[in-house]
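Scroll down for the structure; my scribbles are underneath it.
Read the figures in this text as sums done on the coordinates, not as results from a lab. Just so we're clear, the structure is a prediction, and the values are computed from it rather than from any experiment. Methodologically, a virtual Cβ is constructed for each residue, glycine included, from the backbone with ideal geometry; neighbour enumeration extends over all protein chains shown.
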Protein chains: 2
Amino acid sequence: MKLIDGNAIAESIIEELTTQVSQIQGKKPVVAFIRVGDDPASVSYVRKKEKTAQRIGIESRLYLLPEDVSKEALFAQIDSLNADADINGILIQAPLPKHIDETETFNRVLPSKDVDGFNTLNIGKLCQEDDSGFVACTPAGIVELIQRSDIETEGKHVVVLGRSQIVGKPAALLMMRKALPGNATVTVCHSRTQDLPGITRQADILIAAIGRANFVTGDMVKEGVAVIDVGINRVEDSSKKRGYRLVGDVEFDAVAPKASQITPVPGGVGPMTVAMLMHNTLRAFKAAQAG
Amino acid sequence: MKLIDGNAIAESIIEELTTQVSQIQGKKPVVAFIRVGDDPASVSYVRKKEKTAQRIGIESRLYLLPEDVSKEALFAQIDSLNADADINGILIQAPLPKHIDETETFNRVLPSKDVDGFNTLNIGKLCQEDDSGFVACTPAGIVELIQRSDIETEGKHVVVLGRSQIVGKPAALLMMRKALPGNATVTVCHSRTQDLPGITRQADILIAAIGRANFVTGDMVKEGVAVIDVGINRVEDSSKKRGYRLVGDVEFDAVAPKASQITPVPGGVGPMTVAMLMHNTLRAFKAAQAG
């Protein structure tokens, strides 16, 4: 069994991006972060993104809006960043307050600056296999992990557990596209699936994104499966100072011995998302330069 | 085995639409057809659509452009129809001449008038399960056949043969959505799939859209499968005056005895597409009326 080291792979990508950015003459790429309110997790995520941008040489600008911001004020901020030629990418940190519709907000961002890949147009492009769009950072990170771990996808059976808009479906669409990594047979399972173990046991590659701690047990996979565990779940753990530990959707200790390769949680898909955000930002910059 | 009579189901839909249109006070829905060149199949398809529109009470307007029309002239025609508040739906008959990019052309149509559902934005909405978009007529027809034949999808295993942008992928996305008909486990297979019969034999519902005559043989399905055959393939037949006959992707005589329900070819999915186009046009009209 080989551990897929998401931290190390993300680090390689960050280094590649740093090299590329260092070679840019003149104005560097700029990404704008909009954070609404002071949710501690959001504060921490945005800080992490700022730090990674800084390491790479991408300028980031943070726009803070109060929790009770009106939709109009938020949209005015987005419009102003859309119109600002200096800004290459715009990221709106989720979750947004309940009174603001997330889909509508993500669609307010110009598709060409939608480095988060949440825009309906970019999702349509993914479905149409049009590479000019942005792929959301988590599914893009999954594909990158698969590719950089030399996991063969051609003709293989990929089973995706979970059908969310932001992970399950785009990951499935990427795995079935007529390109590599892709060309896989893809099955999407979810809470309604009958005989789930009978299906997951067929997986050459299992992508677990169902959001339930230790859901995939050892008897649900076959020998040699490659496992990408997207889940990040808290389980109580009184031995930890903070009272919990993070586990994936896969029961690691039971599944790992049967797996050819497997991502740990944490340290698997997680670190990849920030790296892919920076990758998308650099792409947006290059596209803007090319006019 | 029950035959799924696409002609009869399409006829029911047309009658329902006729009733609905007859109840509209004042201005009736209008659909615009753009046909480029004189390809005999295109001439015949457009004529069929005109006749069905007329039966329902939907006004159709035909715009004929020469085979060598410039992209600019075609787009100017589309723009003019986009801007015309009288026009509710716009259909551009495919295939287009080689010098004109189809995706770009379909995307020129306003999403709100894209009754063919080929627009990238409408495909994105389908992926996001946003019902405000238009679903392309063939996958929409497949779903309608399944629903009106009382084929249960909840938790069932749907195997889709083919991963095209216009049939396989949207049909897969529709079958996996969190609504009925949907909530199915969905596998997408294609030319690269390993052990295809091992997968198709798992299908509770098989949607064949691979474009190869009689590709699905009797040993590739299990007893009780419901089969939707999207293929329309010509095979030589000297006993026919025209020298060929139409067959599906499924070897009907071998598969039908094992199937609980099955569509014939012709007379299955085919008649549904025009009915769904009219359905979409009426929806576009209602949305325009609602402002």
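Every pair of different Cα atoms in chain A enters the Kirkwood calculation, which places the hydrodynamic radius at 19.8 Å.
Annotation for the stretch B:218-291 versus the stretch A:228-244: alpha-carbon center distance of 51 Å. Helices in chain A, meaning DSSP H runs of at least 4 residues, each add -39500 (n - 2.57). Divided by all residues, the mean residue ellipticity at 222 nm is -12000 deg cm²/dmol. Look at where the Cα atoms of the stretch B:119-190 and of the stretch A:24-99 average out, and the two centres are 35 Å apart.
Just in the stretch A:183-278: which GluC sites (Glu not before Pro) are loop by DSSP and have at most 12 other Cβ atoms within 10 Å? Answer by residue number: A:E223.
Applying 1/(1 + (r/R0)^6) with R0 = 22 Å to the Cβ-Cβ distance of B:N7 and B:L246 gives a FRET efficiency near 0.95. The charge dipole of the stretch A:138-291, taken about its Cα centre with unit charges on the Cβ of Lys, Arg, Asp and Glu (plus for the first two, minus for the last two), comes to roughly 560 debye. Residues B:T185, A:T138, A:T217, A:T281 in ascending order of nearby Cβ atoms (within 10 Å, fewest first): A:T217, A:T138, B:T185, A:T281.
Note on the stretch A:26-111: Lys pairs 8 or more places apart or on different chains, Cα atoms under 24 Å apart, count 8.
Expressed as a whole percent, the proportion of Cα-Cα pairs in the protein assembly as shown lying more than 37 Å apart is 38%.
Taking the fewest neighbouring Cβ atoms within 10 Å as the starting point, the ordered list for B:R242, A:R192 is B:R242, A:R192.
Counting from the shortest, the label point at B:L3, 7 Å from Cα toward Cβ, is 6.3 nm from the same position in each remaining copy.
About the centre of its Cα atoms, the protein assembly as shown shows a dipole size close to 40 debye [charges on the beta carbon of Lys, Arg (+1) and Asp, Glu (-1) only; nearest 20 debye]. Dipole orientation for chain B: of the candidates B:A172, B:A184, B:Q20, B:Q20 has the Cα lying most toward the positive pole (charges on Cβ; Lys, Arg +1; Asp, Glu -1). Between B:E152 and A:Y63, the modelled label-to-label distance comes to 5.1 nm, taking each label 7 Å out from Cα in the direction of the beta carbon. The length gained on full extension between B:K98 and B:E72, counted as 0.36 nm times the residue separation minus their Cα-Cα distance, comes to 7.9 nm.
Here is the list for the stretch A:9-103: GluC sites (Glu not before Pro) lying in DSSP coil, each with at most 15 other C-beta atoms within 10 angstrom of its C-beta, are A:E67. Net charge near A:N82: determine it from the other residues with C-beta under 11 Å of the C-beta of A:N82, scoring Lys and Arg +1 and Asp and Glu -1. Its environment carries a net charge of -1.
Rounded to the nearest 20 debye, the dipole size of chain B about its Cα centre is 220 debye, using +1 on the Cβ of Lys and Arg and -1 on the Cβ of Asp and Glu.
Only lysine pairs 8 or more places apart or on separate chains count here, and in the stretch A:137-270 those with Cα atoms under 17 Å apart total 4.
Applying the criteria of a DSSP loop state and at most 12 other Cβ atoms within 10 Å to the trypsin sites (Lys or Arg not before Pro) of the stretch A:25-65 yields A:K27.
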